[in-house]
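Novice: Dropping a structure here in structure tokens format, bear with me for questions.
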Amino acid sequence: MATLKVPPNSPPPSEDSEQLRKAFQGWGTNEALIISILAHRNAVQRKLIREAYNVAYGEDLLKDLDKELSSDFERIVLLWTLDPAERDAFLANEATKKLTFSHWVLLEIATTRSSIDLLKAKQAYQSRFKKSIEEDVAYYTSGDIRKLLVPLVSTYRYEGEEVSMTLAKSEAKLLHEKISNKTYNDEELIRILSTRSRAQLAATLNHYKDEFGNAINKDLKTDPKDEYLKLLRAAIKCLTFPEKYFAKVLRLAINKLGTDEWALTRVVATRAEVDLQRVGEEYQRRNSIPLDRAIANDTSGDYEKFLLALAGHDN
């Protein structure tokens, strides 16, 4: 479930865009006004606000926000204001760059989005960067990681609930054979993970556990330092229990050694309209502290206020 709180009678986009324009004028920026509007509008409303702003002032709202804001607050506001498909395209492209390279971001986009949302992200990527996600992922990765990530970003999974138990049994057996033989990069293993529907995968992995005694990810923990195996386990977690995956990302982002603001920003911005409530419940179950309190303890200022508003706790 989403955590975003949208007022039942939101003003029209033209009024919101006028208020945002006012927030940029005069001495200093009115951050509180920006938060009160953008952190309480859904994706459709934000798109209409951007269009209204462009019509009224002949300028791009994102560029004006970029000029007016700075640091972590700027990043969360910009990521949030983007259309979800544009946001995923931007994050995926950033994840292929040398200084901000991240297998994890590419994996998240490939495995936690619905088929239609992944397709929209790929279209947005082509429109903005004049090339495909697939070719960039293939070009900037290598070896087993490329072997896993390219099929994952290339797929269009069936989204229905229908399941074949015969198939679940045969593919659970096949997965167990490959893992027992330590052929973790086998193309049949990758084929199953990258093409089967989530419902079919859940049935296969349940049968795997019942038949062979361990959850598949336990059998894939043979070498905790192996980057490919880490990614493989994360792919399985994302495809079966995304809320557990994101709760762990948040736990690692909010810790005593300092905050990973990029990870925190990314998860809140990309999940607030999807399943951040479930992620928060899983986070509290594992860490014995509510997510909003953990965020408040670790962040400050307008950045904290915006994050908490998206998490449904801005008061």
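The values are calculated or read from the model by the stated rules, or taken from the named source; none is laboratory data. Please read these numbers as outputs of a predicted model, since none were measured by experiment. All Cβ positions, even for glycine, are placed from backbone atoms using ideal geometry, and neighbour counts span all protein chains on display. For the accessible areas, the whole protein counts, side chains as well, though only heavy atoms, and no ligand, DNA or RNA atoms are used. Shrake-Rupley method; radii C 1.70, N 1.55, O 1.52, S 1.80 Å.
Novice: Among PHE24, ALA52, LEU148, pick out the residue whose Cα is farthest towards the positive end of the charge dipole of the chain, where Lys and Arg carry +1 and Asp and Glu carry -1 on C-beta, about the Cα centre.
Specialist: So the residue furthest toward the plus end is LEU148.
Novice: Further, regarding this structure: Tell me, what is the per residue accessible area of the stretch 84-152 in Å², probe radius 1.4 Å?
Specialist: Numbers: 3100 Å² over 69 residues.
Here the per-residue accessible area is 45 Å².
Novice: Suppose every K and R has +1 on its Cβ and every D and E has -1 on its Cβ; what is the size of the dipole of the chain about the Cα centre, in Debye to the nearest 20? Before the final figure, lay out the partial values.
Specialist: Working: 47 positive and 48 negative charges, 150 e Å.
That gives the chain a dipole magnitude of about 720 debye.
Novice: Nearest 20 debye, what's the magnitude of the dipole of the stretch 35-82 about its Cα centre given +1 on Lys and Arg Cβ and -1 on Asp and Glu Cβ?
Specialist: Values: 7 positive and 8 negative charges, 46 e Å.
About 220 debye.
Novice: Can you give the relative contact order of the stretch 34-162 as a percent, counting alpha carbon pairs under 8 Å and 6+ residues apart? All intermediate terms of the calculation are to be shown ahead of the outcome.
Specialist: On the way: 105 pairs, mean separation 25.2, N = 129.
Result for the stretch 34-162 is 20 percent.
Novice: Exactly which trypsin sites (Lys or Arg not before Pro) in the stretch 69-178 are in a DSSP loop and have at most 14 other Cβ atoms within 10 Å?
Specialist: The qualifying sites are LYS97, LYS98, LYS130, LYS131.
Novice: Under a 10 Å cutoff between Cα atoms, tell me which one of THR141, THR166, THR81 has the largest fluctuation in the Gaussian network model of the chain.
Specialist: The residue with the greatest mean-square fluctuation here is THR166.
Novice: Okay, next question. Please compute P(r) over all alpha-carbon pairs of the stretch 130-252, binned at 5 Å starting from zero, and give each bin as a whole-number percent.
Specialist: 2, 10, 19, 24, 21, 15, 7, 2, 0, 0
Novice: Largest first, how would TYR208, TYR184 line up by accessible area (1.4 Å probe)? Mind dumping the intermediate values first?
Specialist: Details: TYR208 0, TYR184 30 Å².
Final ranking, largest accessible area leading: TYR184, TYR208.
Novice: Moving on to the next point. Give me D for the stretch 241-309 in µm² s⁻¹, whole number, from Stokes-Einstein with Rh from the Kirkwood sum over alpha-carbon pairs, 25 °C and 0.890 mPa s. Mind dumping the intermediate values first?
Specialist: On the way: Rh = 11.7 Å.
Estimated via Stokes-Einstein, D reaches 209 µm²/s.
Novice: At most 15 other Cβ atoms within 10 Å and a DSSP loop assignment: could you name the GluC sites (Glu not before Pro) in the stretch 1-68 that fit? If you can, show how the numbers build up before the last one.
Specialist: On the way: sites: GLU15, GLU18, GLU31, GLU51, GLU59, GLU68; in loops: GLU59.
Here the GluC sites (Glu not before Pro) that fit, given the DSSP loop and packing criteria, are GLU59.
Novice: Ignoring everything except DSSP H segments at least 4 long, calculate the 222 nm mean residue ellipticity for the chain; use -39,500 (n - 2.57) per segment, divide by total residues, nearest 500.
Specialist: Details: 20 runs with 222 residues, N = 315.
Helices in the chain give a 222 nm mean residue ellipticity of -21500 deg cm²/dmol.
Novice: Follow-up question, since we're still on this one. Of all alpha-carbon pairs in the stretch 57-149, indicate the percentage at a distance above 20 angstrom.
Specialist: Details: 1720 of 4278 pairs.
Of all Cα-Cα distances in the stretch 57-149, 40 percent exceed 20 Å.
Novice: Would you mind checking the pairs LYS122/LYS256; LYS230/LYS305; LYS173/LYS221 and listing those with alpha carbons more than 26 angstrom apart? Before the final figure, lay out the partial values.
Specialist: Values: LYS122/LYS256 37 Å; LYS230/LYS305 33 Å; LYS173/LYS221 18 Å.
Cα-Cα > 26 Å for LYS122/LYS256; LYS230/LYS305; rest within.
Novice: Here's something else I'd like to know. For a test of the definition: using alpha carbon positions, the gyration tensor, and the 1.5 limit on a/c, classify the stretch 11-68 as rounded, prolate or oblate.
Specialist: Taking the square roots of the gyration eigenvalues as a ≥ b ≥ c, the stretch 11-68 is oblate.
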